[in-house]
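To keep things clear, I will list the structure first and then write my remarks on it.
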Amino acid sequence: MFSENVHVVTHPLVSHKLTILRDKDTATKDFRELVSEIGMLLTYEATRDLPLVDKEVETPICKTMAPTLRGKKFAVVPILRAGLGLVEGVLRMVPSARVGHIGLYRNEDTLEPVKYFCKMPKDVAERDVLIVDPMLATGGSAAAAIGFMKEYGCANIKLMVLLAAPEGNGGRRFSIGEGDPVLSCTLREDHYGVLTEVLVIDKTRNAYYSVKNEDMIRRGGQCRRVVYTPGQSTWDAMRYTGEYQIRRSKENERTVTLCLPGSFPAFPGDRVDLRLERMGLSGSFRVAEAANTFSAERGATAALTLKGG
(Lines give C-alpha, C1' and ligand atoms only; values in the text may rest on other atoms or scores of the structure.)
Protein backbone atom coordinates (compact mmCIF):
# COMPACT_ATOMS: atom_id res chain seq x y z
CA MET A 1 0.00 0.00 0.00
CA PHE A 2 1.42 3.35 -1.04
CA SER A 3 0.83 6.99 -0.20
CA GLU A 4 2.96 10.00 -1.04
CA ASN A 5 5.37 9.40 1.84
CA VAL A 6 4.36 6.02 3.30
CA HIS A 7 4.73 2.52 1.89
CA VAL A 8 3.15 -0.35 3.86
CA VAL A 9 4.70 -3.66 2.79
CA THR A 10 2.06 -6.38 2.35
CA HIS A 11 4.27 -9.03 0.74
CA PRO A 12 3.20 -12.56 1.85
CA LEU A 13 6.73 -13.49 2.95
CA VAL A 14 6.96 -10.42 5.20
CA SER A 15 3.53 -11.11 6.71
CA HIS A 16 4.42 -14.76 7.30
CA LYS A 17 7.75 -14.03 8.97
CA LEU A 18 6.24 -11.24 11.04
CA THR A 19 3.62 -13.64 12.40
CA ILE A 20 6.35 -16.06 13.51
CA LEU A 21 8.25 -13.14 14.99
CA ARG A 22 5.25 -12.14 17.13
CA ASP A 23 4.66 -15.66 18.44
CA LYS A 24 5.57 -15.81 22.14
CA ASP A 25 7.00 -19.32 21.63
CA THR A 26 9.56 -18.22 19.02
CA ALA A 27 13.08 -18.89 20.31
CA THR A 28 15.54 -16.02 20.75
CA LYS A 29 17.87 -17.35 18.03
CA ASP A 30 14.98 -17.64 15.55
CA PHE A 31 13.72 -14.18 16.55
CA ARG A 32 17.06 -12.57 15.68
CA GLU A 33 17.30 -14.39 12.37
CA LEU A 34 13.75 -13.39 11.46
CA VAL A 35 14.42 -9.72 12.22
CA SER A 36 17.42 -9.84 9.91
CA GLU A 37 15.46 -11.61 7.16
CA ILE A 38 12.55 -9.17 7.35
CA GLY A 39 15.05 -6.32 7.33
CA MET A 40 16.45 -7.67 4.06
CA LEU A 41 12.99 -7.89 2.49
CA LEU A 42 12.03 -4.39 3.66
CA THR A 43 15.29 -3.02 2.24
CA TYR A 44 14.24 -4.40 -1.13
CA GLU A 45 11.14 -2.17 -0.95
CA ALA A 46 12.93 0.82 0.59
CA THR A 47 15.46 0.94 -2.25
CA ARG A 48 13.04 0.51 -5.14
CA ASP A 49 13.54 4.14 -6.26
CA LEU A 50 17.36 4.15 -6.31
CA PRO A 51 18.51 5.82 -9.55
CA LEU A 52 19.95 3.72 -12.38
CA VAL A 53 22.28 4.42 -15.31
CA ASP A 54 23.11 2.31 -18.33
CA LYS A 55 26.50 0.67 -18.42
CA GLU A 56 28.18 -1.29 -21.15
CA VAL A 57 28.98 -4.87 -20.16
CA GLU A 58 30.37 -7.76 -22.13
CA THR A 59 28.32 -10.93 -21.78
CA PRO A 60 29.50 -14.38 -22.94
CA ILE A 61 27.65 -13.66 -26.21
CA CYS A 62 28.14 -9.95 -26.96
CA LYS A 63 28.46 -6.45 -25.60
CA THR A 64 25.28 -4.75 -24.40
CA MET A 65 24.00 -1.82 -22.35
CA ALA A 66 22.51 -2.83 -18.99
CA PRO A 67 21.17 -0.88 -15.99
CA THR A 68 23.28 -0.44 -12.87
CA LEU A 69 23.05 1.71 -9.77
CA ARG A 70 24.15 5.25 -10.43
CA GLY A 71 26.72 4.98 -7.65
CA LYS A 72 24.85 7.09 -5.09
CA LYS A 73 26.36 6.53 -1.65
CA PHE A 74 24.15 4.87 0.95
CA ALA A 75 24.10 4.84 4.77
CA VAL A 76 22.03 2.85 7.25
CA VAL A 77 21.46 4.42 10.68
CA PRO A 78 19.94 2.23 13.44
CA ILE A 79 18.31 3.86 16.47
CA LEU A 80 20.08 2.19 19.39
CA ARG A 81 19.81 -0.42 20.55
CA ALA A 82 16.80 -2.14 19.02
CA GLY A 83 17.56 -0.93 15.51
CA LEU A 84 20.80 -2.92 15.40
CA GLY A 85 18.86 -6.10 14.64
CA LEU A 86 17.83 -4.75 11.23
CA VAL A 87 21.30 -3.66 10.12
CA GLU A 88 22.52 -7.10 9.03
CA GLY A 89 19.57 -7.52 6.67
CA VAL A 90 20.17 -4.11 5.12
CA LEU A 91 23.88 -4.83 4.61
CA ARG A 92 23.07 -8.12 2.88
CA MET A 93 21.20 -6.14 0.24
CA VAL A 94 23.59 -3.15 0.16
CA PRO A 95 27.02 -4.44 1.27
CA SER A 96 28.74 -1.14 0.46
CA ALA A 97 26.54 0.90 2.81
CA ARG A 98 28.20 2.73 5.68
CA VAL A 99 26.72 2.49 9.17
CA GLY A 100 25.98 5.32 11.60
CA HIS A 101 24.40 5.14 15.06
CA ILE A 102 21.94 7.28 17.01
CA GLY A 103 21.21 6.58 20.67
CA LEU A 104 17.97 8.00 22.08
CA TYR A 105 16.00 7.66 25.30
CA ARG A 106 12.76 9.29 26.44
CA ASN A 107 12.75 11.86 29.23
CA GLU A 108 10.14 10.49 31.65
CA ASP A 109 9.08 13.98 32.73
CA THR A 110 8.78 15.76 29.37
CA LEU A 111 8.28 12.56 27.29
CA GLU A 112 10.67 14.08 24.76
CA PRO A 113 13.47 12.02 23.15
CA VAL A 114 16.99 12.81 24.36
CA LYS A 115 20.11 12.03 22.32
CA TYR A 116 22.86 10.30 24.29
CA PHE A 117 24.98 9.04 21.39
CA CYS A 118 25.47 9.95 17.75
CA LYS A 119 28.28 8.80 15.43
CA MET A 120 28.06 9.15 11.66
CA PRO A 121 30.27 8.55 8.62
CA LYS A 122 32.19 11.71 7.78
CA ASP A 123 30.50 12.02 4.38
CA VAL A 124 26.98 11.18 5.60
CA ALA A 125 25.60 14.44 4.15
CA GLU A 126 26.44 13.10 0.68
CA ARG A 127 24.63 9.81 1.23
CA ASP A 128 21.07 8.53 1.00
CA VAL A 129 20.15 7.68 4.61
CA LEU A 130 17.97 4.80 5.80
CA ILE A 131 17.04 5.10 9.50
CA VAL A 132 15.97 1.73 10.96
CA ASP A 133 13.99 0.97 14.13
CA PRO A 134 11.77 -2.07 14.80
CA MET A 135 8.83 -0.15 16.30
CA LEU A 136 7.13 3.12 15.43
CA ALA A 137 4.86 4.10 18.34
CA THR A 138 4.40 7.81 19.06
CA GLY A 139 6.96 8.72 16.40
CA GLY A 140 8.94 10.90 18.79
CA SER A 141 12.23 9.03 18.44
CA ALA A 142 11.84 8.69 14.68
CA ALA A 143 11.12 12.41 14.24
CA ALA A 144 14.09 13.28 16.46
CA ALA A 145 16.41 10.96 14.50
CA ILE A 146 15.30 12.48 11.20
CA GLY A 147 15.88 15.95 12.66
CA PHE A 148 19.42 15.02 13.71
CA MET A 149 20.19 13.70 10.22
CA LYS A 150 18.96 16.98 8.71
CA GLU A 151 21.36 18.80 11.02
CA TYR A 152 24.14 16.77 9.41
CA GLY A 153 23.01 18.12 6.03
CA CYS A 154 21.33 14.93 4.78
CA ALA A 155 18.68 15.59 2.15
CA ASN A 156 17.36 12.13 1.22
CA ILE A 157 16.17 10.35 4.39
CA LYS A 158 13.93 7.30 4.77
CA LEU A 159 12.61 5.53 7.87
CA MET A 160 12.18 1.75 7.86
CA VAL A 161 10.29 -0.02 10.69
CA LEU A 162 8.87 -3.51 11.28
CA LEU A 163 5.72 -2.46 13.11
CA ALA A 164 3.84 0.82 13.43
CA ALA A 165 1.16 1.62 15.99
CA PRO A 166 -2.05 3.31 14.80
CA GLU A 167 -2.37 7.02 15.39
CA GLY A 168 -3.11 7.60 19.05
CA ASN A 169 -3.73 10.40 21.50
CA GLY A 170 -0.16 11.67 21.72
CA GLY A 171 0.68 10.28 25.16
CA ARG A 172 -1.48 12.36 27.50
CA ARG A 173 -0.79 13.01 31.16
CA PHE A 174 -3.29 12.72 34.01
CA SER A 175 -3.15 13.23 37.75
CA ILE A 176 -4.90 11.50 40.65
CA GLY A 177 -4.58 13.28 43.97
CA GLU A 178 -5.87 13.29 47.54
CA GLY A 179 -9.19 14.86 46.55
CA ASP A 180 -10.02 12.26 43.90
CA PRO A 181 -12.26 9.30 44.83
CA VAL A 182 -10.56 5.89 44.75
CA LEU A 183 -12.56 2.70 45.29
CA SER A 184 -9.55 0.45 45.73
CA CYS A 185 -5.80 0.58 45.36
CA THR A 186 -3.22 -2.22 45.35
CA LEU A 187 0.56 -1.82 45.25
CA ARG A 188 2.80 -4.71 44.25
CA GLU A 189 6.57 -4.29 44.41
CA ASP A 190 8.88 -6.57 42.46
CA HIS A 191 12.58 -5.77 42.60
CA TYR A 192 13.64 -8.83 40.61
CA GLY A 193 15.49 -7.73 37.48
CA VAL A 194 16.15 -4.17 38.67
CA LEU A 195 19.80 -3.51 37.82
CA THR A 196 22.29 -2.57 40.51
CA GLU A 197 25.12 -1.87 38.08
CA VAL A 198 25.67 -1.53 34.34
CA LEU A 199 29.18 -1.96 32.95
CA VAL A 200 29.41 -0.15 29.60
CA ILE A 201 32.36 -1.34 27.50
CA ASP A 202 33.92 0.23 24.42
CA LYS A 203 36.08 -2.54 22.92
CA THR A 204 37.66 -0.21 20.39
CA ARG A 205 39.27 1.95 23.08
CA ASN A 206 39.50 -0.86 25.65
CA ALA A 207 37.57 1.43 28.02
CA TYR A 208 34.68 0.86 30.38
CA TYR A 209 32.29 2.98 32.44
CA SER A 210 30.39 1.71 35.49
CA VAL A 211 26.97 3.14 36.34
CA LYS A 212 25.53 2.08 39.69
CA ASN A 213 22.04 2.08 41.17
CA GLU A 214 22.92 3.05 44.72
CA ASP A 215 19.35 2.60 46.00
CA MET A 216 19.21 -1.05 44.94
CA ILE A 217 22.72 -1.68 46.21
CA ARG A 218 21.64 -0.50 49.66
CA ARG A 219 18.71 -2.93 49.48
CA GLY A 220 21.09 -5.80 48.77
CA GLY A 221 20.39 -6.15 45.04
CA GLN A 222 22.94 -8.04 42.95
CA CYS A 223 21.75 -7.74 39.35
CA ARG A 224 24.48 -6.57 36.94
CA ARG A 225 24.55 -6.15 33.17
CA VAL A 226 27.34 -5.70 30.64
CA VAL A 227 26.61 -3.56 27.56
CA TYR A 228 28.91 -3.05 24.56
CA THR A 229 28.74 0.26 22.71
CA PRO A 230 29.80 1.19 19.16
CA GLY A 231 33.46 2.09 18.80
CA GLN A 232 34.83 5.46 19.93
CA SER A 233 31.92 6.22 22.28
CA THR A 234 32.29 9.32 24.43
CA TRP A 235 32.26 9.09 28.22
CA ASP A 236 28.91 10.93 28.26
CA ALA A 237 27.45 8.44 25.78
CA MET A 238 28.65 5.52 27.90
CA ARG A 239 27.24 7.08 31.06
CA TYR A 240 23.87 7.82 29.42
CA THR A 241 23.73 4.23 28.12
CA GLY A 242 24.19 2.86 31.64
CA GLU A 243 21.66 5.25 33.15
CA TYR A 244 19.14 4.36 30.46
CA GLN A 245 19.56 0.62 31.14
CA ILE A 246 18.97 1.13 34.87
CA ARG A 247 15.97 3.38 34.26
CA ARG A 248 14.38 0.82 31.91
CA SER A 249 14.94 -1.99 34.43
CA LYS A 250 13.00 0.02 37.03
CA GLU A 251 9.92 0.50 34.85
CA ASN A 252 8.19 -2.60 36.23
CA GLU A 253 9.49 -2.30 39.78
CA ARG A 254 6.13 -1.16 41.11
CA THR A 255 2.68 -2.12 39.83
CA VAL A 256 -0.34 -0.14 41.04
CA THR A 257 -3.88 -1.37 40.40
CA LEU A 258 -6.57 1.28 40.83
CA CYS A 259 -10.36 1.08 40.69
CA LEU A 260 -12.03 4.46 40.21
CA PRO A 261 -15.72 5.43 40.11
CA GLY A 262 -17.04 6.53 36.73
CA SER A 263 -14.90 6.44 33.60
CA PHE A 264 -11.27 7.45 33.15
CA PRO A 265 -10.11 8.50 29.64
CA ALA A 266 -6.62 6.98 29.76
CA PHE A 267 -4.98 4.64 27.26
CA PRO A 268 -1.89 2.41 27.52
CA GLY A 269 1.18 4.58 27.12
CA ASP A 270 -0.31 7.61 28.89
CA ARG A 271 1.20 8.86 32.15
CA VAL A 272 -0.54 9.22 35.50
CA ASP A 273 0.90 11.34 38.31
CA LEU A 274 -0.20 9.81 41.63
CA ARG A 275 -0.36 11.92 44.76
CA LEU A 276 -2.09 9.58 47.21
CA GLU A 277 -0.12 10.29 50.37
CA ARG A 278 -2.75 8.61 52.57
CA MET A 279 -1.92 5.38 50.78
CA GLY A 280 1.82 6.02 50.65
CA LEU A 281 1.80 6.42 46.88
CA SER A 282 3.36 9.20 44.85
CA GLY A 283 5.22 9.46 41.59
CA SER A 284 4.78 9.24 37.85
CA PHE A 285 3.47 5.97 36.41
CA ARG A 286 2.89 4.59 32.92
CA VAL A 287 -0.56 3.23 32.05
CA ALA A 288 -0.08 -0.45 31.17
CA GLU A 289 -3.78 -1.41 31.03
CA ALA A 290 -7.01 0.59 31.18
CA ALA A 291 -10.63 -0.60 31.12
CA ASN A 292 -13.95 1.16 31.65
CA THR A 293 -16.78 -1.18 32.70
CA PHE A 294 -20.38 -1.01 33.91
CA SER A 295 -22.24 -3.30 36.29
CA ALA A 296 -25.68 -3.09 37.91
CA GLU A 297 -24.08 -3.41 41.33
CA ARG A 298 -21.32 -0.79 41.09
CA GLY A 299 -22.33 1.27 38.09
CA ALA A 300 -19.54 2.67 35.90
CA THR A 301 -16.00 2.00 37.09
CA ALA A 302 -12.52 2.34 35.63
CA ALA A 303 -9.70 -0.14 36.27
CA LEU A 304 -6.11 1.03 35.74
CA THR A 305 -2.89 -0.92 35.91
CA LEU A 306 0.08 1.42 36.32
CA LYS A 307 3.78 0.63 36.07
CA GLY A 308 6.58 2.72 37.47
CA GLY A 309 9.76 2.87 39.52
Per 10 angstrom bin, beginning at 0 and ending with the bin that holds the maximum distance, the Cα pairs of the stretch 192-235 fall in percents of 29, 43, 24, 4
Restricting to Cα pairs under 8 Å and 6 or more apart, the percent relative contact order of the stretch 63-124 works out to 28
Short to long, in 5 Å steps from zero, the percent of alpha-carbon pairs of the stretch 244-309 per bin is 4, 17, 24, 23, 15, 10, 4, 2, 1, 0
If every Lys and Arg gets +1 and every Asp and Glu gets -1 at its Cβ, then about the Cα centre the stretch 90-166 yields a dipole, in debye to the nearest 20, of 300
The Cα radius of gyration of the stretch 1-125, divided by 2.2 N^0.38 Å with N its residue count, comes to 1.35
The chain: relative contact order from alpha carbon pairs under 8 Å, six or more residues apart, as a whole percent, is 12
Computed from every Cα-Cα pair in the stretch 82-239, P(r) in 5 Å bins starting at 0 and rounded to whole percents is 2, 7, 12, 14, 16, 16, 13, 9, 6, 4, 2, 1, 0
For the chain, longest principal axis from Cα atoms; helix 28-46 axis from its Cα atoms; angle between them, nearest 10 degrees, is 50
Bridge orientation stat for the chain from DSSP, antiparallel percent rounded to 5, came to 65
Taking only the alpha-carbon positions of the stretch 151-309 as identical scatterers, the Debye log10 I(q)/I(0) at q = 0.12, 0.14, 0.18, 0.19 Å⁻¹ comes out as -0.74, -0.90, -1.11, -1.15
Checking rank on 76-86, 175-185, with mean other Cβ inside 10 Å and highest first, the result is 76-86, 175-185
Toy charge model, Lys and Arg Cβ at +1, Asp and Glu Cβ at -1: the chain dipole around Cα centroid in debye, rounded to 20, equals 700
Candidate cut points under trypsin sites (Lys or Arg not before Pro) in the stretch 260-309, DSSP loop plus at most 13 other Cβ atoms within 10 Å of their own Cβ, are 298
Rounded to a whole %, the carbon-and-sulfur portion of the accessible area of the stretch 252-306 at a 1.4 Å probe is 52
Per residue convex hull volume, Cα only, the stretch 78-153, in Å³ is 86
Flagged as over-length at 27 Å C-alpha distance, from 17/158; 29/150; 17/55, the pairs are 29/150; 17/55
CD proxy, 222 nm, the chain: helix-only mean residue ellipticity via -39,500 (n - 2.57) per DSSP H run with n ≥ 4, per residue, nearest 500, stands at -7000 deg cm²/dmol
Note to self: with every protein chain in place and a 1.4 Å probe, the chain gives an accessible area per residue in Å² of 59
Expected unfolding gain across residue 190-residue 10 under the 0.36 nm per residue rule, minus the alpha-carbon gap, is 60.7 nm
Between the modelled labels at residue 174 and residue 263 (7 Å from Cα along Cα→Cβ) the distance in nm is 1.2
Here the relative contact order (percent) of the stretch 190-229, from C-alpha pairs under 8 Å and at least 6 apart, is 53
Comparing 252, 213, 292 in a Gaussian network model of the chain (Cα, 10 Å), the one with the largest mean-square fluctuation is 292
Computed about the Cα centre, the charge dipole of the stretch 142-223 from +1 Lys/Arg and -1 Asp/Glu charges at the Cβ has a magnitude in debye, to the nearest 20, of 360
For the stretch 204-281 the translational diffusion coefficient, Stokes-Einstein from a Kirkwood Rh over Cα pairs at 4 °C and viscosity 1.567 mPa s, in µm²/s, is roughly 80
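The values are calculated or read from the model by the stated rules, or taken from the named source; none is laboratory data. For clarity, every value in this text was computed on a predicted model and none was experimentally measured. Don't worry about glycine lacking a Cβ; one is built from the backbone with ideal geometry, like all the others, and counts go over all protein chains shown. Each accessible area value is taken on the protein alone, full model and side chains, heavy atoms only, with ligands, DNA and RNA left out. Shrake-Rupley method; radii C 1.70, N 1.55, O 1.52, S 1.80 Å.
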